[in-house]
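Reviewing the structure listed below.
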Amino acid sequence: MNRVGHMRTHRVLIILLIAIGLGLAAANSVRWNEAAGLRQEIAVLQLSVEGLQQITSENSRLMGSLPDADTLSALRADRAAISRLAAEIEELKAGVRAREAALAFKK
Amino acid sequence: MIPDGQLLQGYAEQGAEEMFAEIVRRHLPFVYAAALRQTNGAVHRAEDVTQLVFIELARNARALGRRDEIIGWLYTTTHYTAAKLKRTELRRQNREQEAFIMQQASSASDHVNWEQLRPVLDDAMHELPARDRELILMRFFQMRRLADLGRALALSEDAARMRLERALQKLRAALARREITSTTAALATVLANQPPVVAATSLAQTVTSAAVSAGNAATLGWSSLFTMSKLPLGIAGAVAIAASIGLIVQSNSVAALRAEAASLRRGTASLASTRDENLRLTRLAAEVAAMRQEDEKLTTLNAEASELRTRLEEIARTERARATQSNAPDLSRLDLLPRPTFRMRPDFPSELQTHGIGGEVSVDFTIDADGVVQEARITPGGKEAGAPSGVVQLEHFVVAVTTKVDPAAKSPAPRPDEPMIQRLLEAAALEAVTGWKFEGGRKGGRAVNTRLQVRMVFTVVPEIPASATR
């Protein structure tokens, strides 16, 4: 191969290597951006996991503080009884007032 | 003969040093002569100037390769390079030249010689337009024929001669301003007969190698990147390998990050349901707390309702008592007073019996038409209160019990207080009276309601044991 041919071969090789280098740099850039995005997502997910742990712990505490099913039913029955009792008390009060007034009148 | 431009082009593009050497061989005498002239014959300084000029030529080989003729550029560069070197000596040389010119002026004539001309020639030449200067240079310094000049300048030989004449006239005028007077013909003669200058043979070699190496260093750019053999290939290969390694590392890192993100996503999948559960539990806890508070209220409400019911019962009793009282006839008008048919004896409270405690209780009650006791109640005012009008006072009902009393023995229980004693006696009396039966009072042959009152006396008769009497 003469000198000119040799030079051309070198030139082609160098251009090829530069092209490969540029391609690799572009691929690296894409990977870099993807890694940055994933790191951000992981940070957000880690926060979510922490939040989930806190909520789970809070749920356990709430479950422990709540009464059993029977007590809960009794409390609900009491609530209904309170309503009835309040109405009855009103009726009783009205009855007492009326009969006291009648007694006072007869006296 | 290969033109200068082609030689330079070949050197610039292919690095053909032999081509540059040919240029050096071709122009060295001219450049060296010019340098020698401009350094006033200082050989070493002229050699330095020559070397610098060819170095500059090698550096600008690519740009100058587009020219057909480079003699003008060489001449100008020689001038400026020499000017730089001789600047420090210029004043002294000028004084010497002035002295020399003054000396020569005394024998001034239309004839001029080379020694007069040499110190000022180059300055005068640079006052000329470039085209005129190149014409003079080609004719008198390269000794080219007029026909040759005509071809180089695309002119006829006559036209080249005319232009050369005009250029010489301009040079003569420039020299005249430097007090060197001459005719154009004399000037042409002096220029044509200037002493030859022979550059040392070793100078060409030195200049060539120095210029080529300097030129290579100067042109180490994008084009040299392609002309160099191993270094750029090695560098480019190393960069490509480094980039590949970086890409692999980066890919691995991204894969690890993806796996971590996927794992975290799975971990947080139940977040929404857990949050809903938390909401439900929080609401339930709040509801329970509220219900517990209400539960405490329930006790109060129950007590209040109970109180109200009691009050209603009292009112009802009062109403019944009034009704009974209003129904009871005047005792003086009764035909027959009620007569007890069965009187149950009250149970003496054991607590009082133990302690030998007695007492009196007055019970007020009504006998209905059937002789059944109604509305039995403790008479307000106790034993001191007498029977009100319209109420039949029955005889005292004595309840006596015998209790063994041992003064030495200690009581098993503490003695009850007075209110407790009274309550116990009242309860026993009411229970007994409620069970009493009567033959009802009659008026006009008809059974009527009658109000009665009875005083019950509870008394304890101590029975002292025989051992105690002895």
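The values are calculated or read from the model by the stated rules, or taken from the named source; none is laboratory data. All of these numbers come straight from a predicted model, not from anything done at the bench. Quick reminder, even Gly has a Cβ in these numbers, built from the backbone with ideal geometry, and neighbours come from all protein chains shown.
Go through segment B:23-70 and count every residue that is acidic (Asp, Glu) and either buried (at least 21 other Cβ atoms within 10 Å of the Cβ) or under 20 Å from B:Ser209 (Cβ atoms) (or both).
Of the residues in segment B:23-70, the ones acidic (Asp, Glu) are B:47-48, B:56, B:68-69.
The next check asks that each one be either buried (at least 21 other Cβ atoms within 10 Å of the Cβ) or under 20 Å from B:Ser209 (Cβ atoms) (or both); those that pass are B:47-48, B:56.
Residues meeting the conditions: 3.
Tally time: how many residues in segment A:1-21 are under 57 Å from the mean Cα position of the chain (by Cα) and either at pLDDT below 80 or more than 9 Å from chain B (Cβ to nearest Cβ) (or both)? Step through it out loud before you land on a result.
Filtering segment A:1-21 down to residues under 57 Å from the mean Cα position of the chain (by Cα) leaves A:14-21.
In the following step, the residues that additionally are either at pLDDT below 80 or more than 9 Å from chain B (Cβ to nearest Cβ) (or both) were identified as A:19.
Total meeting the criteria: 1.
Restricting attention to segment A:38-96, and to residues there that are at the interface with chain B (Cβ under 7 Å from one of its Cβ atoms) and not in a helix (DSSP H, G or I), which single residue is nearest to the chain's Cα centre (by Cα)?
Selected residue: A:Leu66.
With the requirement that a residue be crowded, with 17+ Cβ neighbours inside 10 Å and farther than 24 Å from A:Gly37 by Cα, what does segment B:240-276 give you?
Listed by number, the residues that qualify are B:Ala240, B:Thr274.
With respect to B:Val31, is the statement that it is in a helix (DSSP H, G or I), more than 60 Å from the chain's Cα centre (by Cα), within 19 Å of B:Leu191 (Cβ to Cβ) and away from chain A (no Cβ under 14 Å) true?
Details: in a helix (DSSP H, G or I): yes; more than 60 Å from the chain's Cα centre (by Cα): yes; within 19 Å of B:Leu191 (Cβ to Cβ): yes; away from chain A (no Cβ under 14 Å): yes.
Considered against the rule, which asks whether it is in a helix (DSSP H, G or I), more than 60 Å from the chain's Cα centre (by Cα), within 19 Å of B:Leu191 (Cβ to Cβ) and away from chain A (no Cβ under 14 Å), B:Val31 comes out as yes.
Do we find a residue being charged (D, E, K, R) and more than 8 Å from chain A (Cβ to nearest Cβ) anywhere in segment B:257-274?
Looking for residues that are charged (D, E, K, R) and more than 8 Å from chain A (Cβ to nearest Cβ), one finds at least one in segment B:257-274, hence yes.
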